[in-house]
Amino acid sequence: MPDYLTLDDVEVASRRVLVRADLNTPLAGGEVADDFRIRSSLGAIHKLRSRRAVVVVCSHLGRPEGSDPRLSLAPVARRMQELGGFAVRHLPVMAGLEAKEAVSRGLPGEVFLLENTRFHPGETSNDPRLADQLAELADLFCQDAFGSVHRAHASTVGVAARIRSVAGPLLTSELVSMGTLLENPPRPFVVILGGAKVSDKLGVLSALVEKCDVLAIGGGMSFTALLAEGYSVGRSLVEENMMPAIGELLRGPHGGKVLLPEDVVAARAFRADAEHRITAAESIGDDELGLDIGPAAAARFADACWAAGSVFWNGPMGVFEWEAFRSGTETIARAVTSSGAFSVVGGGDSAAAVRLLGLEDEVSHLSTGGGAGLRLLEGKALPGVEILKKWVP
């Protein structure tokens, strides 16, 4: 049993419920460019509306320094209304008297969307005054923003310390899926990590190499690992200060589980149209940089997926946004989704790649939170989840 309450544990009819959602979605030309996180947030809202709650949604968007009209949640409100099939009233404030008066007049089933929580300087510092103001808007708080629960902000931890709080359905599904990988993953358990920097994922590398059966490393971070192994990687992205740590991992007691790319796609320029070639990892030219794993590496990583009982994938294998350097990421995406394994794809660019290829429905769980998932798998507590335990009878 979870050590937190969920929406199914509480009565919400005619009550005001503040939902912390993750609506941090890209905008282009004043409109939503990718609605994945909005679609993911709808489960909690539909459930609350069906149970006649007054729904008040809050979220951050981007990293504004004060109020910034370019990062208003107004376009998100419009897209949420289109996707959800219900009216969404966007409020131009995130707290205070204006928000309190508007919400107090809300009717069962009505949905409000507050303005970007990061427009308030007290959001990221968990300012108690902002937390008080958010708590005054509702009778109950529903935490459903997995992508934000690793941050102790006013809208994730502060408000949850003040009014009765529960986990929403999206957060619950995320914790259950990640918990399966942590506690009892079907074997073999294969981890594929990519992305740019070892420094972003050293903690999860160190934690998961002990738990998994195979750990495949691709993307930009693989070049730091190759350099630590004595390869010449040309002008590829590397973090020299991370070489001792990654070298220790590779030569440690679990280093035999680690797969590094034996070939790469290399180019002389970081451009979508750059001339490129497939080369062995030990033959990258001094004037070249690796922009994708090669076909032999992709095939070996894919073989590990097809033999797996469970797979966790976080981070692309190359610059997948450019078609010339997408093949490695596409091969992994198709292997993960066709493997028959229990599969979790963890947020960010790897989730974007799965969706770009139209494979999102083929994954056991497509996570909305990259950083939170990595922190959880690293064995660290999530402040936005820990605070929910306060309300368990």
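For the stretch 105-117, enumerate the residues that are closer than 13 Å to LEU134 by Cα and either touching a His at 6+ places or on another chain (Cβ under 8 Å) or open to solvent by 20 Å² or more (accessible area, probe 1.4 Å) (or both). Please lay out each step first, then the result.
In the first step, residues of the stretch 105-117 are kept if they are closer than 13 Å to LEU134 by Cα; the result is 113-117.
Of everything in the stretch 105-117, those that are closer than 13 Å to LEU134 by Cα and either touching a His at 6+ places or on another chain (Cβ under 8 Å) or open to solvent by 20 Å² or more (accessible area, probe 1.4 Å) (or both) turn out to be LEU113, GLU115, ASN116, THR117.
Is it true that some residue in the stretch 96-111 is among the aliphatic types (A, V, I, L, M), over 23 Å from TRP391 (Cα atoms) and touching a helix residue (DSSP H, G or I) at 6+ places or on another chain (Cβ under 7 Å)?
As a first pass, look at the stretch 96-111 and keep what is among the aliphatic types (A, V, I, L, M): 97, 99, 102-103, 107, 111.
When the remaining residues are screened for being over 23 Å from TRP391 (Cα atoms), the result is 97, 99, 102-103, 107, 111.
Applying the additional criterion that residues be touching a helix residue (DSSP H, G or I) at 6+ places or on another chain (Cβ under 7 Å) yields 111.
Within the stretch 96-111 (the criterion being among the aliphatic types (A, V, I, L, M), over 23 Å from TRP391 (Cα atoms) and touching a helix residue (DSSP H, G or I) at 6+ places or on another chain (Cβ under 7 Å)), the answer is yes, since at least one residue qualifies.
Name the one entry in ALA269, ALA274, ALA281, ALA298 that is free of Cβ contacts under 8 Å to residues at least 24 places away in the same chain and either on the phi > 0 side of the Ramachandran plot or open to solvent by less than 40 Å² (accessible area, probe 1.4 Å) (or both). Break it down stepwise before answering.
Values: ALA274 fails: free of Cβ contacts under 8 Å to residues at least 24 places away in the same chain; ALA281 fails: free of Cβ contacts under 8 Å to residues at least 24 places away in the same chain; ALA298 fails: free of Cβ contacts under 8 Å to residues at least 24 places away in the same chain.
When all the criteria are applied, what remains is ALA269.
With the condition kept exactly as written, say whether any residue in the stretch 367-390 is open to solvent by less than 40 Å² (accessible area, probe 1.4 Å), touching a strand residue (DSSP E or B) at 6+ places or on another chain (Cβ under 8 Å) and either free of Cβ contacts under 8 Å to residues at least 24 places away in the same chain or aromatic (Phe, Trp, Tyr) (or both).
Checking the stretch 367-390: not a single residue is open to solvent by less than 40 Å² (accessible area, probe 1.4 Å), touching a strand residue (DSSP E or B) at 6+ places or on another chain (Cβ under 8 Å) and either free of Cβ contacts under 8 Å to residues at least 24 places away in the same chain or aromatic (Phe, Trp, Tyr) (or both).
Does any residue of the stretch 278-298 turn out to be closer than 30 Å to SER40 by Cβ and assigned to a helix (DSSP H, G or I)?
Here is the first cut: in the stretch 278-298, the ones closer than 30 Å to SER40 by Cβ are 292-293, 298.
Remaining after also requiring assigned to a helix (DSSP H, G or I): 298.
Checked the stretch 278-298: at least one residue is closer than 30 Å to SER40 by Cβ and assigned to a helix (DSSP H, G or I).
Report every pair of residues separated by at least 6 positions or lying on different chains whose Cβ atoms are under 7 Å apart, first residue within the stretch 225-243 and closer than 12 Å to LYS197 by Cα, second in a helix (DSSP H, G or I) and open to solvent by 30 Å² or more (accessible area, probe 1.4 Å).
If the second residue must be in a helix (DSSP H, G or I) and open to solvent by 30 Å² or more (accessible area, probe 1.4 Å), the pairs left are VAL238/LEU227; MET242/LEU202; MET243/LEU227.
Being modelled with pLDDT under 95 and either in contact with a Gly (Cβ under 9 Å, 6 or more places away or on another chain) or not acidic (Asp, Glu) (or both) is the filter; apply it to the stretch 1-19 and report the residue that is surrounded by the most Cβ atoms within 10 Å (Cβ to Cβ).
That would be PRO2.
Does the stretch 315-330 contain at least one residue that is crowded, with 22+ Cβ neighbours inside 10 Å and assigned to a strand (DSSP E or B)?
no
Could you check the stretch 114-142 and list, in sequence order, the residues that are over 16 Å from ILE387 (Cα atoms) and among the aromatic types (Phe, Trp, Tyr)?
If the condition is that a residue be over 16 Å from ILE387 (Cα atoms) and among the aromatic types (Phe, Trp, Tyr), then PHE119 is the only one that fits.
Are any residues in the stretch 118-129 over 26 Å from GLU378 (Cβ atoms), open to solvent by 10 Å² or more (accessible area, probe 1.4 Å), at pLDDT 95 or above and not hydrophobic (A, V, I, L, M, F, W, C), and if so, which ones?
Taking the stretch 118-129 as the starting set, the residues that turn out to be over 26 Å from GLU378 (Cβ atoms) are 119-122, 127-129.
Now restrict to residues that are open to solvent by 10 Å² or more (accessible area, probe 1.4 Å): 119-121, 127-129.
Narrowing further to those that are at pLDDT 95 or above: 119-120, 127-129.
HIS120, ASP127, PRO128, ARG129 - these are the residues of the stretch 118-129 that are over 26 Å from GLU378 (Cβ atoms), open to solvent by 10 Å² or more (accessible area, probe 1.4 Å), at pLDDT 95 or above and not hydrophobic (A, V, I, L, M, F, W, C).
On the given criteria, is GLY247 more than 26 Å from ALA307 (Cα to Cα) and open to solvent by less than 10 Å² (accessible area, probe 1.4 Å)?
On the way: more than 26 Å from ALA307 (Cα to Cα): yes; open to solvent by less than 10 Å² (accessible area, probe 1.4 Å): yes.
For GLY247, the condition - more than 26 Å from ALA307 (Cα to Cα) and open to solvent by less than 10 Å² (accessible area, probe 1.4 Å) - is met.
Residue by residue through the stretch 352-366, note down the ones that are open to solvent by 50 Å² or more (accessible area, probe 1.4 Å) and assigned to a loop (DSSP other than H, G, I, E, B).
Of everything in the stretch 352-366, those that are open to solvent by 50 Å² or more (accessible area, probe 1.4 Å) and assigned to a loop (DSSP other than H, G, I, E, B) turn out to be GLY358, SER364.
Can you tell me how many residues within the stretch 130-187 are touching a strand residue (DSSP E or B) at 6+ places or on another chain (Cβ under 6 Å), open to solvent by less than 50 Å² (accessible area, probe 1.4 Å), closer than 18 Å to LYS100 by Cβ and not in a strand (DSSP E or B)?
Residues that pass the stated criteria total 5.
Can we say ARG52 is over 24 Å from VAL157 (Cβ atoms) and basic (Lys, Arg)?
Working: over 24 Å from VAL157 (Cβ atoms): yes; basic (Lys, Arg): yes.
When the stated conditions are applied, ARG52 passes them.
Whether any residue in the stretch 66-73 is under 24 Å from VAL157 (Cβ atoms), touching a Pro at 6+ places or on another chain (Cβ under 9 Å) and at pLDDT 95 or above is what I want to check.
yes
Given (1) in contact with a Gly (Cβ under 8 Å, 6 or more places away or on another chain); (2) part of a strand (DSSP E or B); (3) buried (at least 18 other Cβ atoms within 10 Å of the Cβ), identify the lone condition not met by ALA216.
The one condition ALA216 does not meet is (1).
The values are calculated or read from the model by the stated rules, or taken from the named source; none is laboratory data. Note that the structure is predicted; figures quoted are calculated from it, not measured. Note that we place each Cβ from the backbone using ideal geometry, even for glycine, and neighbour counts take in every protein chain shown. Only protein heavy atoms, including side chains, enter the accessible area calculation; ligands, DNA and RNA are left aside. Shrake-Rupley method; radii C 1.70, N 1.55, O 1.52, S 1.80 Å.
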